1. What is the order of Ser153, Ser99, fewest Cβ neighbours within 10 Å to most?
2. Once a ≥ b ≥ c are taken as the square roots of the eigenvalues of the Cα gyration tensor of segment 152-220, is the result rounded (a/c under 1.5), prolate (a/b larger than b/c) or oblate (a/b not larger than b/c)?
3. Tell me the mean residue ellipticity at 222 nm calculated for the chain from its helices only (DSSP H runs of n ≥ 4, each -39500 (n - 2.57), averaged over every residue, nearest 500).
4. Could you give the longest part of the chain that holds none of the GluC sites (Glu not before Pro) found in DSSP loops with at most 16 neighbouring Cβ atoms within 10 Å?
5. Please report the net charge: other residues with Cβ closer than 15 Å to the Cβ of Arg72, K and R +1, D and E -1.
6. Give me the net charge of Phe108's neighbourhood, meaning all other residues with Cβ under 14 Å from the Cβ of Phe108; Lys, Arg count +1, Asp, Glu -1.
7. Return the aspartates and glutamates within reach of Lys9: Cα separation strictly under 17 angstrom, same-chain partners fewer than 8 residues apart disregarded; answer none if there are no such residues.
8. Classify segment 98-227 as rounded, prolate or oblate from the Cα gyration tensor: take a ≥ b ≥ c as the square roots of its eigenvalues, call it rounded if a/c is under 1.5, otherwise prolate when a/b beats b/c and oblate if not.
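Read-outs throughout are calculated quantities, based only on the coordinates presented, and are distinct from any laboratory measurement. All values reported here derive from a predicted model rather than from experimental measurement. Using ideal geometry, Cβ is built from the backbone for each residue, glycine included, and neighbour counts are taken over all protein chains shown.
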Amino acid sequence: MKIELLEKKHIQEATDLIATAFVQNEPLVSYIQVPLFSYKKICEEMVDRAIQQKMSWVAMKDDEMVAVILCRKVERPLIDKQTAIQICPPVAPVLQLLSDLEEKSAEFLQLPKENLIYFDMGACHPKWMGKGIMSAINMLISHALTLMAENQSNIITACTNKISNKLWTRQYQAIQLNEIVYDSFGYQDNYPFAGITSSTAAQLLYMPTAHIIEGLAKQKRRSHTRV
């Protein structure tokens, strides 16, 4: 398996992979049954903009995309919220929840933004489920974090499921800046995510450079122990 910088040649495959994974498995998008066709248009725009920022990566095996992660500067979103809602109206409550995670966190608002990188989306090919899927994602994350640590960058990410939360908190000692419990999130007189059982809440997590370096070192020590 090899790692490549996300480029124009990857647009279609990365778009399909992300859109399908989120519509089928991501707690928020899948629960409210966002249509794949329109959600794919959002993902295509995001992938295209991620390419321009040159900090997103894909894992390839035998010319097939196994995994992809989209990263960006925190002040350069991959898509404007209103544009995304125009393209795919059902996604509005998802975007509002993600916005609230940031806008209702005093700690996030006070963070210096110059060297702050946002881990936006990640997905794996469905046929790799149970066949090293997390190792592919972990490989991409480790690669991206190594480069970001060299540039003294800090990381922010929104976790909507238990698996990603576990990765960031256990491996990189992520600091929780905010949390929104799904059952209590109101949107236009409704509670669109009440009833989600796979996860109970979304968290906004922050990792300073020192935590990233220590997490990468722990990972390296574990890999040497296994050998």
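1. Ser99, Ser153
2. prolate
3. -14000 deg cm²/dmol
4. Counting only loop sites that pass the neighbour cut-off, the longest clear stretch is 115-227.
5. -1
6. Spelling it out: positives minus negatives among the neighbours equals -4.
7. Cα-Cα hits under 17 Å: Glu44, Glu45, Asp48, Asp62, Asp63, Glu64.
8. Verdict is oblate for segment 98-227.
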